[in-house]
């Protein structure tokens, strides 16, 4: 979305717990087009029935004194007297460490991805297409800091498969990284689209063979189910390596 003269804030993601809530928000103004983060430390600041409804969240947060200032993270809490206080940029926003960004893949601003169409697949995964480009990709992001470890593990496995098992075609290939704000703050990965279908019982043997090839590369998927596999013209392909193990010598018996 290009910047406009009318300020627009839209809640993109919510992580609500019993004690706090984190909001990931797209802020678009004449001067700003960025992703911002709000950590709500006192849940009663926003009525319970409004905490997960984006427009109500924005309506409540826009009352804050610091809301219209320039910031990337905002921490909202109650002070000693029970009043509401907000602190700008009290913590750094998340991103992969330099050593976790493997390979020499291109880095793309998140606002340059999906401008030709953005279709959600899961809460952290999207099917995207660049404007003027008919190719479709999968985008997977770490919306919040606690998801960085999962993203880093997936990148490690996909990159490893591209190096060790490039002729086996066991997983989609990494096409690039996605960043917010600056290229050194990578928080997502772009993968080639997988074209195929979810396996059925008739595909049991090809799935077993593919899984054995993974194990032969010292990779244990960790979450084998039909939703994490596609039967393609090149055989079975695996996705979602968030909890995979690399270098494990354990033997796993699976049932599909």
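Below is a table of values for the structure above.
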quantity: Sequence-separation-based contact order of region 8-88, relative, with Cα cut under 8 Å and 6+ spacing, percent; calculated: 25
quantity: Antiparallel bridges, percent of DSSP beta bridges restricted to the chain (to nearest 5); calculated: 85
quantity: Label-to-label distance, nm, for residues given as residue 182 and residue 104 (7 Å Cα→Cβ offset); calculated: 2.3
quantity: Pairwise label distance in nanometres, residue 135 with residue 216, each label 7 Å out on the Cα-Cβ vector; calculated: 2.9
quantity: Förster radius 51 Å - calculated FRET efficiency between residue 204 and residue 44, Cβ distance, rounded to 0.05; calculated: 0.45
quantity: Most fluctuating residue given options 42, 171, 152, as computed from a GNM of the chain linking Cα atoms under 10 Å; calculated: 42
quantity: Acute angle (nearest 10 degrees) that the helix 204-216 long axis makes with the longest principal axis of the chain, alpha-carbon atoms; calculated: 80
quantity: Per-residue [θ]222 nm for the chain (sum of -39500 (n - 2.57) over DSSP H runs n ≥ 4, rounded to 500); calculated: -4500 deg cm²/dmol
quantity: Difference of contour (0.36 nm per residue) and Cα-Cα distance, residue 156 to residue 246; calculated: 31.5 nm
quantity: Alpha carbon centroid spacing (whole Å) that separates region 173-230 from region 33-56; calculated: 33
quantity: P(r), alpha carbons of region 8-88 - 10 Å bins starting at zero, rounded %; calculated: 18, 58, 22, 2
quantity: Per-pair calculated FRET efficiency, R0 = 22 Å: residue 163 and residue 234 via Cβ, rounded to 0.05; calculated: 0.75
quantity: Nitroxide proxy distance, nm - points 7 Å out along Cα→Cβ at residue 112 and residue 33; calculated: 1.2
quantity: Most mobile of 32, 182, 19 in a GNM of the chain (Cα contacts under 10 Å); calculated: 19
quantity: Max mean-square fluctuation residue, GNM over the chain, Cα-Cα springs under 10 Å, options 208, 127, 107; calculated: 208
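Only the coordinates and a few stated rules stand behind these numbers; no lab work does. This is a predicted model, so every value here is computed, not measured. Note: ideal-geometry Cβ built from the backbone for every residue, glycine included; neighbour counts use all protein chains shown.
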